[in-house]
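Read the structure below first, then the notes.
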Amino acid sequence: MMRQVYTYIKHDRPRFRHFQKEWINEHRDEWHLAREAVKQANTSAYPFEPDVEKAEFTVFDLETTGFSMHMGDEILSVGGVHFKKNQTDAEDFYSVVRSSKPIPPVVTKLTGLTDTDTREGEAFPSVLIKFLRFTHGRILSAHPASFDVPFLEAMCRRWNLPLLKMPVLDTAKLAALLYPGQDTSLEALLSRFQLAERQGHHALTDAKITAEVLQHLLEKAAEENYWSLPSLIKDTHRVAGKRRRI
């Protein structure tokens with residue numbers, strides 16, 4: 001699998017640079033909007049709601065061309081849902097990102113995304129603008145955020161955009177904090193909380209599933225007397241990060 005995932009790395013950099021230069025030349029105003037959107041998101045992110053019971057989240061998920069953000073892998077799709085304890089909003093977010101390179105066959109098999117899908121998608125800056133509007137004023141959460149957030153940051157660097165500096169609750173680290181020594185994979189948590197098994201990999205579906213898991217984790221956190229979100233996030237930062245599947 002890993003050999004297949006990294007098949008295209010040799011030619012990634014010049015291909016991406018050509019794609020990036022061409023897109024920015026044609027969409028410079030939108031690129032500047034993306035820069036301003038990140039700055040505004042960072043400015044409005046703090047201070048955030050400190051009460052776990054009242055905090056509002058954007059639970060999100062990414063599908064990517066592979067594991068290595070530093071070796072040319074790209075985001076293929078972004079999915080997200082609004083979540084507050086005991087409540088998941090009907091409104092959701094899903095967007096396919098235009099990729100500058102072919103999708104490895106193993107990724108197509110896992111996600112169902114094809115080269116045709118990504119050719120019809122939007123460039124990352126355009127998707128980022130829409131995603132940040134969707135998540136405005138909310139805390140990000142992902143499983144594991146130690147993969148998804150750095151991947152977003154890597155894409156921002158690649159597109160010469162400011163880095164995202166928003167509060168994040170990593171559900172994988174939260175699970176490790178609350179259930180030390182236990183399997184904290186999404187599949188294991190779905191089983192632990194008797195939730196439906198995941199069928200395939202889809203950014204929006206996985207975001208919705210992660211929101212269900214987060215609900216159970218916050219209930220467990222309450223049992224452990226975690227009422228302060230800053231304290232909860234601080235304690236999860238002490239937990240080692242987790243490697244992400246595609």
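The values are calculated or read from the model by the stated rules, or taken from the named source; none is laboratory data. This is a predicted model, so every value here is computed, not measured. All Cβ positions, glycine included, derive from the backbone under ideal geometry; neighbour counts span all protein chains shown. Surface areas here come from the heavy atoms of the whole protein model, side chains and all, with no ligands, DNA or RNA. Shrake-Rupley method; radii C 1.70, N 1.55, O 1.52, S 1.80 Å.
For the chain, take the longest principal axis of its alpha carbons; what is the angle in degrees between that and the long axis of helix 28-44, to the nearest 10 within 0 to 90?
For 28-44 against the chain, the angle is about 20 degrees.
Using a 1.4 angstrom probe on heavy atoms only, work out the carbon and sulfur share of the accessible area of the chain in %. Please report the intermediate quantities before stating the final value.
Values: 5710 of 11690 Å².
Carbon and sulfur atoms account for 49 percent of the accessible area of the chain.
Divide by every residue of the chain the summed helix terms, -39500 (n - 2.57) for each DSSP H run of at least 4, and state the resulting mean residue ellipticity at 222 nm, rounded to the nearest 500 deg cm²/dmol.
So the calculated ellipticity at 222 nm is -14000 deg cm²/dmol.
If exposed GluC sites (Glu not before Pro) are those in a DSSP loop with at most 12 other Cβ within 10 Å, what is the longest stretch of the chain that has none?
Details: sites that count: Glu53, Glu120, Glu197, Glu224.
Answer from the scan: 121-196.
Over 20 Å apart: what share of the alpha carbon pairs of the range 144-246 falls there, rounded to a whole percent?
Values: 2211 of 5253 pairs.
Here the tail beyond 20 Å accounts for 42 percent of pairs.
Between His136 and Phe48, what is the label-point separation in nm under the 7 Å Cα-to-beta-carbon projection?
1.8 nm
Go through Phe147, Phe48 and list them by solvent-accessible area, largest first, probe radius 1.4 Å.
Working: Phe147 10, Phe48 50 Å².
Reading off the accessible areas and sorting them downward yields Phe48, Phe147.
Mind checking which lysines have their Cα closer than 24 Å to the Cα of Lys234? Skip sequence neighbours fewer than 8 apart in that chain.
The reachable lysines, counting only those whose Cα sits under 24 Å from Lys234, are Lys39, Lys54, Lys84, Lys85, Lys165, Lys173, Lys220, Lys242.
Which aspartates and glutamates have a Cα lying under 16 Å from the Cα of Lys101, excluding residues fewer than 8 positions away in the same chain?
Within reach: Asp12, Glu22, Glu63, Asp73, Glu74, Asp115, Asp117, Glu120, Glu122.
Where only protein heavy atoms count, and the probe is 1.4 Å, what is the accessible area per residue for the chain in Å²? Before the final figure, lay out each step's value.
On the way: 11690 Å² over 246 residues.
Roughly 48 Å² per residue, with all protein chains present.
Stretched out fully, how many nm does the piece from Arg28 to Glu153 gain, at 0.36 nm a residue minus the Cα gap? All intermediate terms of the calculation are to be shown ahead of the outcome.
Working: separation 125, 0.36 × 125 = 45.00 nm, distance 2.02 nm.
Using 0.36 nm per residue and subtracting the Cα-Cα distance, I get 43.0 nm.
Could you work out how much longer the chain between Gln194 and Gln182 gets when fully extended? Use 0.36 nm per residue separation minus the Cα distance between them, nm to one decimal. Numbers along the way, then the final one.
Details: separation 12, 0.36 × 12 = 4.32 nm, distance 1.58 nm.
Here the answer is 2.7 nm.
Specify, per residue and in Å³, the volume enclosed by the convex hull of the alpha carbon atoms belonging to the range 68-192. Please list the in-between numbers first.
Details: hull volume 17.8 nm³, N = 125.
Hull volume normalised by residue count: 142 Å³.
Nearest 5 is fine: what % of DSSP beta bridges in the range 58-165 come out antiparallel, could you say?
Numbers: 14 of 17 bridges.
Counting DSSP beta bridges with both partners in the range 58-165, the antiparallel share is about 80 percent.
Any idea what % of Cα-Cα pairs in the chain are farther than 28 Å?
On the way: 9288 of 30135 pairs.
Tail of P(r) above 28 Å: 31 percent of Cα pairs.
Given the C-alpha centroids of the range 168-226 and the range 54-75, what is the distance between them in whole angstrom?
Comparing the Cα centres of the range 168-226 and the range 54-75, I get a distance of 17 Å.
Which loop-located trypsin sites (Lys or Arg not before Pro) does the range 1-110 contain, where loop means any DSSP state but H, G, I, E or B and the Cβ has at most 10 other Cβ atoms within 10 Å? Write out the running numbers ahead of the final one.
Working: sites: Arg3, Lys10, Arg15, Arg17, Lys21, Arg28, Arg35, Lys39, Lys54, Lys84, Lys85, Arg98, Lys109; in loops: Lys54, Lys85, Arg98.
The qualifying sites are Lys54.
Please state the relative contact order of the chain as a whole percent: Cα pairs under 8 Å, 6+ residues apart? Present the calculation step by step, with values, prior to reporting the outcome.
Details: 410 pairs, mean separation 64.8, N = 246.
Reported as a whole number, the value is 26 percent.
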